[in-house]
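Reviewing the structure listed below.
Every read-out reported here was derived from the displayed coordinates using simple, explicitly stated rules and does not represent laboratory data. Keep in mind that what you see is a predicted model, and the values were worked out from it rather than measured. Cβ sites come from the backbone with ideal geometry, for glycine too, and all protein chains shown count toward neighbours.
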């Protein structure tokens, strides 16, 4: 018995020496799995990000700032897309279970008193500053016309100067608008 017991112990020792090797393989597998999952998380996060980390706020809504309400198919992004397309939209509320979208022209940060609890809704900001897209679009339109803000300012100054010059010349000739009107009254 003692010899078989020693043999059995040797077998146990060999098995236990294989044990750390097996644990090393498992650790490598789980490390690789973890790194791959982190990589996918980063990729998905970049695709879903809209100017920062934005999350819906469950059972909350922004009241008294809705400018458009419509029904949309559940499970779609129509509410979000409608908000992104409309320059006035800064956030939206979704009425859950009946899929109604409410586009808001303000955010909870701009009107914290109007941000209230509602068990049937969730609130979602879209992450752009007020008027940001409108300002960018106006600048693009100005550039297309060939000049932008600086050119428009120069044109206004020129027109203003030209108008003043015409009035000064008229007064030098002995008239001007005021004198002409007075002359008409005398006749």
Shape parameters for the stretch 57-128, alpha-carbon atoms, Rg then Dmax in Å: 10.9, 31
Within a 10 angstrom radius of the beta carbon, how do 33, 103, 84 rank from fewest other beta carbons to most? 33, 84, 103
Just rank 95, 85, fewest to most, by other beta-carbon atoms within 10 angstrom. 85, 95
Under a crude label model (7 Å from the Cα following the beta-carbon direction), how far is residue 87 from residue 71 in nanometres? 3.2
